[in-house]
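Below is one structure, written out as structure tokens, with a few remarks after it.
The values are calculated or read from the model by the stated rules, or taken from the named source; none is laboratory data. As the structure is a computational prediction, the values presented were derived from the model and not from experiment. As a convention, Cβ positions derive from the backbone with ideal geometry for all residues, glycine included, and neighbour counts pool all protein chains shown. Protein only, heavy atoms only, side chains kept; ligands, DNA and RNA dropped before computing areas. Shrake-Rupley method; radii C 1.70, N 1.55, O 1.52, S 1.80 Å.
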Amino acid sequence: MIIIKVKDYSELSRKAASLVAEELAKKPDLALCLPTGATPLGMYEQLTDKNLDFSKATMFLLDEYAGLGVDDEESFACYMCLNFLDLVNFRKENVFMFNGKAADLDKECEDYEKKIEEKKIDLAILGIGKNGHVGFNEPGSSFSSQTRVVSLSEQTRESNAKYFEKGEVPSKALTVGLKTIMGAKKIILLASGAEKAEVIKQLVEGEISYQLPASVINTHKDAVLVVDRAASKLLK
Ligand code: PGA
């Protein structure tokens, strides 16, 4: 994994956006897998400002809460529309997001996996949880996992409670699997802030283990970690 150290969050956002822009310039029909969360917000802002042409590109949302759909403001689909999709020019038919309200969530995940197999992800952008999750692949997730319904850890539900003013954080979610993520041609992992310093140390200096789902990315042949000073402060 190549490690790119940047000064702060704003530099991280610019760097991430320029890496995406570079890939899009090489391949206008780029298939992206994109995350939500606090970390990529600056990248989306930068990407929007760059006025890039996404008309031939495809995007898959990385994960979603079970029970939530695009009309729910806490849903990742809603986040994605507000922060990125409504501001750029993807074609509707090239945008794939989970329907967390589907009657059969297993089938929803199976169909999603098939779509990804068909299109093939060129570039997966990921955040990382304090517990080492990527997407909603929580500690203990198999490296051979595909897109599926998962139970969320208490730590993840606590971290995300700030986004739920009313009601509880759902206990289940849908996520693109670790094997599916590893199938991407290129992976860019973003980490910012001191609260990620411990997990970044484990990721870079620790063992590859199911207990740290993100650690599998160390075995990918084209993976880049973009990390700011605060998140990399414990690295040797
Ligand atoms: P964050 O979330 O970007 O809000 O820190 C990352 C994650 O939990 O995957």
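Elements of the type strands (runs of 3 or more DSSP E) sitting completely within the stretch 138-206 and holding at least 2 residues that are in contact (Cβ under 8 Å) with a residue 60 or more places away in the chain and either surrounded by fewer than 16 Cβ atoms within 10 Å (Cβ to Cβ) or away from the ligand (no atom under 13 Å from the Cβ) (or both): these cover 172-175, 186-191. Just give me the residues in the stretch 207-225 being crowded, with 24+ Cβ neighbours inside 10 Å and not in a helix (DSSP H, G or I), in sequence order. Selection gives Leu225 alone. Checking each residue of the stretch 40-62 against the condition of being away from the ligand (no atom under 16 Å from the Cβ), surrounded by fewer than 16 Cβ atoms within 10 Å (Cβ to Cβ), within 17 Å of the chain's Cα centre (by Cα) and under 24 Å from Phe98 (Cα atoms) gives no match.
Looking at Lys92, Lys120, Lys107, Lys114, just one residue is away from the ligand (no atom under 16 Å from the Cβ), open to solvent by 10 Å² or more (accessible area, probe 1.4 Å) and in contact with a strand residue (DSSP E or B) (Cβ under 9 Å, 6 or more places away or on another chain), and that residue is Lys120. Within the bounds of the stretch 8-26, is there any residue that is open to solvent by 20 Å² or more (accessible area, probe 1.4 Å) and within 13 Å of the ligand (Cβ to nearest atom)? Checking the stretch 8-26: at least one residue is open to solvent by 20 Å² or more (accessible area, probe 1.4 Å) and within 13 Å of the ligand (Cβ to nearest atom). Within the stretch 68-81, residues that are crowded, with 19+ Cβ neighbours inside 10 Å sit with their Cβ atoms under 7 Å from residues that are assigned to a loop (DSSP other than H, G, I, E, B) and of a type in the set (Gly, Ala, Ser), at 6+ positions apart or across chains, in these pairs: Leu68/Ser75; Leu68/Gly100; Ser75/Gly69; Ser75/Gly100; Ala77/Gly69.
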